[in-house]
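The values are calculated or read from the model by the stated rules, or taken from the named source; none is laboratory data. Worth saying up front: this structure is predicted, and the values here are computed from it rather than measured. Positions of Cβ are backbone-derived with ideal geometry, glycine not excepted, and every protein chain shown enters the neighbour counts. These accessible areas exclude ligands, DNA and RNA; they are computed on the full protein's heavy atoms, side chains included. Shrake-Rupley method; radii C 1.70, N 1.55, O 1.52, S 1.80 Å.
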Amino acid sequence: MNDVPAKLGYEFPAEWHRHAATQLHWPSNRKTWPGDRLHRVETVFLDIIQVLHRYEPILLLAEPAAIRRAEKRLGELELDRGRIFLTEYPVNDVWARDCGPVFIFRKFKNRLEYAVTDWEFNSWGGKYSPFGDDNRIPEFISRRYNLTRFRPGMVMEGGSVETNGEGVLITTESVLLNPNRNPGLHKSEVEQALRNYLGVDKIIWLKAGLAGDDTDGHVDDLCRFLDRNTVLTVLAENRDDVNFAVLQENHDLLKRAQDLLEEPLHIETLPLPDTRIEGKTADGSEFVPASYANFYIANGVVLMPFYDKRYDEQARNLLKQYFPDREVAGIPSSDLVWGQGGIHCVTQQLYGLEIS
């Protein structure tokens, strides 16, 4: 469709807006998960599924060759299989946040009406191939569940944008202004596309992201809304930390930012866990984008990554303050972030559909 969603009254919901389900992809890419890394990341997914399925249904996509493996490993746990919809689809990798559908909604005839925005996914600037099947997932979901689909014609990943659900969006220059995404677009054109297709009114630009983040600096490793006017951001405690300067710069930008009511944002901070690893990742990095900002807000639960015993409980306690009606479940995530992503990166909330 060529209509502009914002003119039709559509808005970008906050993550705490009630979900219909969560999209996950069963791990199978041997380039991302070589050797025993595949088994180890499968175990992280089982930890996520075991908690999450108690609160909302899961659409679990798996490539045909991995279906039997997924069934076997799911069988290791006592699960309500009526809440887990294992679906054959040729996924390229696990990063559902970045290639999955980005939902918008509007109030229409006294009910909520949902639609899918289908942004182009080019594997973070063509870094990994193939990625064509992942790029087609929004179309697959919109067709399967008979949802209206809007196509902005611009490259954007779900992990690159964060909203409070009330017209404010936070993103990073290092991603959306990167020439490996949309080289022909100026900043003003990128902003207009975000306004047109996500219905946002105010865009806050941070600079760059964490070392070892092969997305070029997704905002969901840096800064997340905890409520309409409160953001969580992470800071490195040691000035010699490779991430110290960029995180401080982003923090300073947030301190100067305002919401739609021209009120300053309330800022909460958490320490950055240790991001240097022993050895190197599959693409040769000595660092991984480990961050407590990479949590996922689902119905009745917040899934938060556990990385570092020095800070894990501090992070959990902060999220409990802001989400008192939700369980805050810690998921050991070191084996997941080795693949250069976290819990938020592998989840994508779905709306307005009856999962099957």
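Here are a few things to note about the model shown:
- Relative packing of peptides 109-116, 162-169 - highest average C-beta neighbours within 10 Å first: 162-169, 109-116
- DSSP-assigned coil residues among trypsin sites (Lys or Arg not before Pro) in segment 304-356, each with at most 15 further Cβ atoms within 10 Å: K309, R310
- Accessible surface ranking that places the most exposed of R18, R54 first, with a 1.4 angstrom probe: R18, R54
- For the chain: rounded, prolate or oblate by the Cα gyration tensor [a/c cutoff 1.5]: rounded
- Residues R276, R228, sorted by accessible area with the largest first, give R276, R228 [1.4 Å probe; ligands and nucleic acids excluded].
- Cα gyration tensor category, rounded, prolate or oblate, for segment 228-305 with a/c compared to 1.5: oblate
- Area of F85 that stays accessible when all protein chains are in place (1.4 Å probe, Å², to 10): 50
- Surface analysis of the chain yields an accessible area of 41 Å² per residue, using protein heavy atoms and a 1.4 Å probe.
- Expressed to the nearest 5 percent, the antiparallel share of DSSP beta bridges inside the chain is 40 percent.
- Rounded accessible area of L177 (nearest 10 Å², 1.4 Å probe): 60
- Taking other residues whose beta carbon is less than 10 angstrom from the beta carbon of P289, and scoring Lys, Arg as +1 and Asp, Glu as -1, yields -4.
- Taking Lys and Arg as +1 and Asp and Glu as -1, the other residues whose beta-carbon sits under 12 Å from that of V190 total 0.
- Built amide H within the under 5 Å cut-off of V302, gap 5+: E327, V328, A329
- Neighbours of V155, meaning other residues whose beta-carbon lies under 14 angstrom from its beta-carbon, give a summed charge of -4 when Lys and Arg score +1 and Asp and Glu score -1.
- Remark: segment 1-160 carries a charge dipole of roughly 300 debye about the Cα centre, counting +1 on each Lys and Arg Cβ and -1 on each Asp and Glu Cβ.
- Extension gain (nm, one decimal) between I277 and R30, 0.36 nm per residue minus Cα-Cα: 86.9 nm
- Its Cα centre serving as origin, the chain has a Cβ charge dipole (Lys and Arg +1, Asp and Glu -1) of approximately 880 debye.
- Modelled FRET efficiency - R0 25 Å, L79 with E354, Cβ distances, 0.05 increments: 0.80
- Counting only heavy atoms of the protein chains and using a 1.4 Å probe, S142 has close to 10 Å² of accessible surface.
- Carbon and sulfur %, accessible surface of the chain computed with the full protein complex present, 1.4 Å: 45
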